[in-house]
Amino acid sequence: MKFLSVCILSFILCYSATAQEYATLRRNMVKEQIQDRGVTHLPTLTALLNVPRHEFVPRSLRHHAYLDQPLPIGEGQTISQPYIVAFMTAALRLNKEDRVLEIGTGSGYQAAVLAKIVDSVYTIEIVESLAWAAQKRLKKLGYANVVVRAGDGYHGWPKKAPFDAIMVTAGADSIPQPLVDQLKQGGRMIIPVGPQNGVRQLVLLTKKKNKIVKRNLMAVRFVPFTRKD
Ligand code: SAH
């Protein structure tokens with residue numbers, strides 16, 4: 001009996017799914033968690049079908065990579081739930097030639113999803129160890145159109161501005177003005193906004209000719225947007 005338990009335990013610990021098994025899990029994830037909940041933007045669905053999410057989570061959590069939930073990635077941070085990644089990506093109505101800025105690189109997963117859809121992705125992460133790990137991971141996986149920088153994303157990336165779209169993947173108290181300034185005319189930004197530790201609103205901001213239009217899309221929970229002083 002003891003021998004059998006040891007065998008079963010070793011199997012669970014050592015077993016790693018094949019690429020084909022992960023592809024099947026991804027197909028189910030896209031169908032059940034994303035399409036069935038109303039996301040229809042084809043480039044977004046295709047990107048989520050093709051980015052190997054299990055490569056972006058800690059090895060010990062790989063078997064959870066395609067579940068309907070966020071997961072810890074170290075340093076107290078999380079990779080967002082697949083549905084939220086898809087919803088935010090689709091909301092930006094991206095075009096192939098777009099230049100996109102992401103604030104909150106985390107694992108690099110969201111940046112990889114964006115990189116499947118648009119030509120250039122710039123992403124900033126405030127926790128240095130996460131930034132370097134994401135940069136290494138994205139390089140190893142062949143995402144040549146993503147540039148990672150360590151720093152406080154509050155200030156955006158003036159040298160690479162203006163952007164067609166900006167995605168903030170950490171929950172902010174308010175919308176950073178430098179990010180609004182770095183949006184092109186007609187550009188879109190998606191950002192979770194609201195009180196610390198509370199439920200925030202996912203806000204879609206569009207920069208029109210003479211005005212900024214904001215629309216609340218849904219209530220969400222995100223790790224906080226922090227600042228370097
Ligand atoms: N998009 C990530 C998940 C983001 S979690 C992924 O796909 O894995 C939010 C990330 O935002 C965390 O890693 C956190 O460290 C980072 N963050 C918080 N405040 C920030 C800031 N001011 N500038 C840049 N990154 C920030």
For this session: Just list whichever of Lys31/Lys136; Lys116/Lys136; Lys139/Lys214 have alpha carbons separated by over 26 Å in the model shown.
Result: Lys31/Lys136; Lys139/Lys214
Exercise. Order of 50-63, 163-176 by packing, highest average Cβ count within 10 Å first?
Worked result: 163-176, 50-63
Problem set entry | Cα-only Debye scattering, the chain: base-10 log of I(q)/I(0) at q = 0.10, 0.18 Å⁻¹ | -0.45, -1.41
Exercise. From the Cα gyration tensor of the stretch 66-124, with a ≥ b ≥ c the square roots of its eigenvalues, which class applies: rounded if a/c is under 1.5, or else prolate if a/b is larger than b/c, or else oblate?
Worked result: oblate
Exercise. Does the stretch 32-161 come out rounded, prolate or oblate by the C-alpha gyration tensor, with a ≥ b ≥ c the root eigenvalues, rounded set by a/c under 1.5 and, if not, prolate when a/b is larger than b/c and oblate if not?
Worked result: oblate
Exercise. So between Asn50 and Lys140, what do we pick up on full extension, going 0.36 nm a residue minus the alpha carbon distance?
Worked result: 30.8 nm
Problem set entry | Relative contact order of the chain, pairs being alpha-carbon contacts under 8 Å that are 6 or more residues apart, as % | 13 percent
For this session: Pull out the extension gain between Asn197 and Lys228, defined as 0.36 nm times the separation in residues minus the alpha carbon to alpha carbon distance; nm, one decimal.
Result: 9.3 nm
For this session: Would you mind working out the magnitude of the charge dipole of the stretch 77-220 relative to its Cα centre, with +1 at each Lys and Arg C-beta and -1 at each Asp and Glu C-beta, to the nearest 20 Debye?
Result: 420 debye
Seminar exercise, completed: Scoring only Lys, Arg, Asp and Glu (+1, +1, -1, -1) among other residues with Cβ under 15 Å from the Cβ of Thr24 yields +3
Exercise. What net charge do the residues around Pro176 carry, taking every other residue with its C-beta under 11 Å from that of Pro176, with Lys and Arg at +1 and Asp and Glu at -1?
Worked result: -2
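Coordinate-derived values only; no laboratory data. What you see is a predicted model; the values in this text were computed from it and never measured. Positions of Cβ are backbone-derived with ideal geometry, glycine not excepted, and every protein chain shown enters the neighbour counts.
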